[in-house]
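Enquirer: Structure below; questions to follow.
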Amino acid sequence: THSSVEFSVTETSFFDVNVKFDVKGSQPYMLGLVESAEFDAAELAAYYTENYDYLSATREDVNFSGSILELLERTSQKLDYGTEYTLWYIAKNDTRVVLEENVYNWSFTTQDFIQGGALEVVAGEPVVDYKTIDVELKSNGQHIALFYNAMPSYMATAYPDDNYIIEMLLSEGVQHITNEPVMAKYQGTEPGEKVTLFAVAVDADGKIGKPLKQEYTTKSFEYNDLEVALTLVDYKV
């Protein structure tokens, strides 16, 4: 059996949502959060029936309003933008059997980024070595996220315009959820290789700005005119 439980989302953002969560007449229970694509009520019911002692629920009645991450005591984490999540709830019962219909669950989606922003990424003075490139990235305004990626320049031709670049950065780039500058690092180049750095910033409204496309060349080995004379002293067959 379940206690009375209600859940609703009151406000969404890119990396969190505010919720109301009310439980009355509670038996001990526990909460979990997964991306909706990974949620399976039948699997959870079967797992906690077989491993009932893992259902170490200790929560009491609660009337909560605020961040879902705070509710789940995950204050150091963030949700992913534009992602559907499912919150699930299981209460203990006297039979030690969890039924699929008793795995209460609710789905919600965080806000997604959209194109059309005016922010531009500003690249600092690069530190270029033979096989590494380090460059500080910041925006010309207030950003909430930075994405970057780098590749040999011959591969960069696969991204001919801003739309291709943005799609690549959001799916394959290094993601930094921060309003601070970040240090972009690229390793594994060859000496004297041309490398193209891509980067984009997202403003406080979730608008993706204009991508940066900047080419760098790693240091090349240099050779002198050294001559070496060899003298055979002895040999054995």
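Enquirer: How many residues are under 30 Å from Ala145 (Cα atoms) and part of a loop (DSSP other than H, G, I, E, B) if we restrict to segment 47-83?
Expert: Residues flagged as under 30 Å from Ala145 (Cα atoms) and part of a loop (DSSP other than H, G, I, E, B) within segment 47-83 amount to 12.
Enquirer: A follow-up question, please. Could we say that Ala158 is part of a loop (DSSP other than H, G, I, E, B), aliphatic (A, V, I, L, M) and either in contact (Cβ under 8 Å) with a residue 24 or more places away in the chain or surrounded by fewer than 18 Cβ atoms within 10 Å (Cβ to Cβ) (or both) here?
Expert: The answer is yes for Ala158.
Enquirer: Going by the conditions given, is Ala91 surrounded by 15 or more Cβ atoms within 10 Å (Cβ to Cβ), more than 30 Å from Gly25 (Cα to Cα) and among the hydrophobic types (A, V, I, L, M, F, W, C)?
Expert: no
Enquirer: Okay, moving on. Just for segment 40-70: of the residues that are modelled with pLDDT of 95 or more and small (Gly, Ala, Ser), which one is most open to solvent (accessible area, probe 1.4 Å)?
Expert: Ser65
Enquirer: Within segment 203-237, count every residue that is more than 20 Å from Glu136 (Cα to Cα), within 32 Å of the chain's Cα centre (by Cα) and either open to solvent by 60 Å² or more (accessible area, probe 1.4 Å) or without any contact (Cβ under 8 Å) to a residue 40 or more places away in the chain (or both). Full working, then the answer.
Expert: First, pick out the residues of segment 203-237 that are more than 20 Å from Glu136 (Cα to Cα): 204-207, 220-237.
Then drop every residue that is not within 32 Å of the chain's Cα centre (by Cα), which leaves 204-207.
Then keep just the ones that are either open to solvent by 60 Å² or more (accessible area, probe 1.4 Å) or without any contact (Cβ under 8 Å) to a residue 40 or more places away in the chain (or both); that gives 204-205, 207.
Qualifying residue count, segment 203-237: 3.
Enquirer: Now for a separate question. State yes or no: is Glu125 among the charged types (D, E, K, R), open to solvent by 80 Å² or more (accessible area, probe 1.4 Å) and either at pLDDT below 95 or within 21 Å of Asp203 (Cβ to Cβ) (or both)?
Expert: For Glu125, the condition - among the charged types (D, E, K, R), open to solvent by 80 Å² or more (accessible area, probe 1.4 Å) and either at pLDDT below 95 or within 21 Å of Asp203 (Cβ to Cβ) (or both) - is not met.
Enquirer: When you scan segment 172-202, how many residues do you find that are open to solvent by less than 30 Å² (accessible area, probe 1.4 Å) and either assigned to a strand (DSSP E or B) or of a type in the set (S, T, N, Q) (or both)? Quick ask: steps written out before the conclusion?
Expert: Residues of segment 172-202 that are open to solvent by less than 30 Å² (accessible area, probe 1.4 Å), as a first pass: 173, 182, 184, 189, 195-202.
Then drop every residue that is not either assigned to a strand (DSSP E or B) or of a type in the set (S, T, N, Q) (or both), which leaves 182, 184, 189, 195-202.
Qualifying residue count, segment 172-202: 11.
The values are calculated or read from the model by the stated rules, or taken from the named source; none is laboratory data. Keep in mind that what you see is a predicted model, and the values were worked out from it rather than measured. Positions of Cβ are generated from backbone atoms using ideal geometry, with glycine treated the same way; all protein chains shown enter the neighbour counts. SASA here: full protein model, heavy atoms, side chains in, ligands and nucleic acids out. Shrake-Rupley method; radii C 1.70, N 1.55, O 1.52, S 1.80 Å.
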